[in-house]
Amino acid sequence: MYLVTGATGNVGKEVVDQLLSAGEKVRVFTRDERKVAHWGARVEKAVGDLGRQDTIAPALDGVTAAFLLPVADADGIDHVRGFLAAAQASGAPRIVLLSSISAGAPTVQLAHRHAEREHLVKASGLRWTFVRPGTFMSNTFQWARSIRAERTVYNPHGDGKTAPVAPRDIAAVAARAMLTGELLGQALEVTGPELLSTPDQVEILARVLGTPLRRVDVSVDAARRRMIEAGAPPSLAAAVGELIERIRAGNGAVRTDTVERVTGRRPTTFEDWAREHARAWTGG
Ligand SMILES: NC(=O)c1ccc[n+]([C@@H]2O[C@H](COP(=O)([O-])OP(=O)(O)OC[C@H]3O[C@@H](n4cnc5c(N)ncnc54)[C@H](OP(=O)(O)O)[C@@H]3O)[C@@H](O)[C@H]2O)c1
C-alpha cells in the first residue's frame with residue numbers, strides 16, 4: 001500500500017495515477033472526500049488533515065512508502081513533524097518528500113522552510129528521498145483569469161528564466177522513488193527541459209491558444225499586493241515576493257537531467273504541456 005498526501009494537488013494526483021498504472025494499491029489522503037470521488041473504488045480514501053494527528057496514524061497503516069506534500073504555510077513544519085512521528089510508530093515507511101530546488105542553497109524564507117522540512121526528515125531516522133522541483137508549469141494556471149478577461153498576462157518576473165517542469169514529470173520521479181527504493185538518500189533536483197522566461201511562456205501560450213496575448217510588466221510589489229487582495233496571507237505574499245525577486249535577478253536559470261535519468265524519457269516541453277491543458281486558460 002502506498003500513501004499519497006496532497007493527492008488532489010497538481011503533483012499528488014499524478015503520483016496517484018502513476019502508482020495505479022503500475023498496478024499498486026494506493027491510499028489517498030484528503031480533507032474533502034468529494035475531491036477524490038473520481039477514482040471510485042480504485043483507491044482507498046483516508047479523510048484527514050495534516051494538522052490533525054489523529055487522522056494521520058490510520059492513514060499510514062500498512063504503508064510501504066508515503067508521498068509527503070507539506071502544506072506551504074508556516075504550520076507546515078509542525079505538520080511534517082507530526083507526520084514523521086506517526087510514520088516512526090507505524091512501520092517506518094519510506095518517505096518521499098516534495099521539497100524544492102531552492103532547498104539546496106536556501107537564500108529566501110520559502111527555501112529555508114523547505115530545508116527545515118528536509119532536515120526533520122533526515123533527523124527522523126526514516127528512509128527518505130527528496131524530490132526538489134523547480135518552477136511548476138502549472139503556476140501558469142494563475143494567468144487564466146486575466147487571459148479570459150482581457151487576453152493579458154501580468155508579469156512580475158521580468159526576463160528572469162526558469163526551467164518549468166510538468167507536474168506529471170515531478171510525479172514520475174516521486175513514483176519511482178516510492179516504488180523502488182533505488183533513490184533512497186538522494187535529493188533529486190527536477191526541472192523541465194528548457195530555460196524559459198515569462199515572455200517566452202506567454203509567446204508559446206499565445207501560439208497554443210491561437211490568440212494574441214498581451215504582456216504587462218509589473219513590479220514585485222504590485223504582485224505582492226495582488227496576492228494579498230486575492231486572499232493570500234501577507235507573510236506568504238512576502239515570501240513568494242522574495243522568490244520572484246530571485247528569479248527576476250536571474251537566479252532561477254537552472255536545468256537538470258533528472259527526469260530523463262530517473263524515468264528514461266525526456267521531460268515534457270512547455271508547449272506540449274500547454275496544448276494538453278489548453279482549456280484551463282480558455283474555459284472552453
Ligand atoms: N509551484 C511551484 O513552482 C513549486 C516549486 C517547488 C516546490 N513547490 C512546492 O509544491 C507544493 C505544492 O504542490 P502542488 O502544486 O501539487 O499542490 P496544490 O495543487 O497547491 O495542492 C495542495 C494540496 O495540499 C493539500 N492540503 C492543503 N492543506 C492540507 C492540510 N491541512 N492537510 C492535508 N492536506 C492539505 C490539498 O489537499 P486537500 O484539499 O484534498 O485536502 C492539496 O492536495 C508546495 O509544498 C510548494 O512549496 C512548488
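Things worth noting here:
- Whichever residue in region 147-174 is open to solvent by less than 20 Å² (accessible area, probe 1.4 Å) and in contact with a Phe, Trp or Tyr (Cβ under 8 Å, 6 or more places away or on another chain) and, among such residues, is nearest to Glu276 (Cα to Cα): Ala166
- Some residue of region 70-89 being open to solvent by less than 20 Å² (accessible area, probe 1.4 Å), in contact (Cβ under 8 Å) with a residue 24 or more places away in the chain, under 23 Å from Met137 (Cβ atoms) and more than 9 Å from the ligand (Cβ to nearest atom): no
- Of all residues in region 46-69, those being under 27 Å from Val190 (Cα atoms) and either open to solvent by 60 Å² or more (accessible area, probe 1.4 Å) or in contact with a Gly (Cβ under 9 Å, 6 or more places away or on another chain) (or both) number 8.
- Hits in region 214-231 - residues which are modelled with pLDDT of 95 or more and closer than 17 Å to Gly158 by Cβ: Arg214, Arg215, Val216, Asp217, Val218, Ser219, Val220, Asp221, Ala222, Ala223, Arg224
- Subset of region 8-31 (residues that are near the ligand (Cβ under 6 Å from one of its atoms), open to solvent by less than 40 Å² (accessible area, probe 1.4 Å) and not in a helix (DSSP H, G or I)): Gly9, Val11, Thr30
- Lone qualifier among Val43, Val96, Val121 - being in contact (Cβ under 8 Å) with a residue 60 or more places away in the chain, surrounded by 17 or more Cβ atoms within 10 Å (Cβ to Cβ) and more than 12 Å from the ligand (Cβ to nearest atom): Val96
- When Ala144 is tested against (1) more than 15 Å from the ligand (Cβ to nearest atom); (2) more than 18 Å from Ser100 (Cα to Cα); (3) touching a residue at least 60 places away in the same chain (Cβ under 8 Å); (4) small (Gly, Ala, Ser), exactly one condition is not met: (1).
- Exclusive hit being within 15 Å of Gln18 (Cβ to Cβ), within 14 Å of the ligand (Cβ to nearest atom) and hydrophobic (A, V, I, L, M, F, W, C), set Ala177, Ala166: Ala166
The values are calculated or read from the model by the stated rules, or taken from the named source; none is laboratory data. Everything quoted here is computed from the prediction, not taken from an experiment. Glycine also receives a Cβ, built like all others from the backbone with ideal geometry; neighbour counts cover every protein chain displayed. Remember, those area values only see protein heavy atoms, side chains included, never the ligands or the DNA or RNA. Shrake-Rupley method; radii C 1.70, N 1.55, O 1.52, S 1.80 Å.
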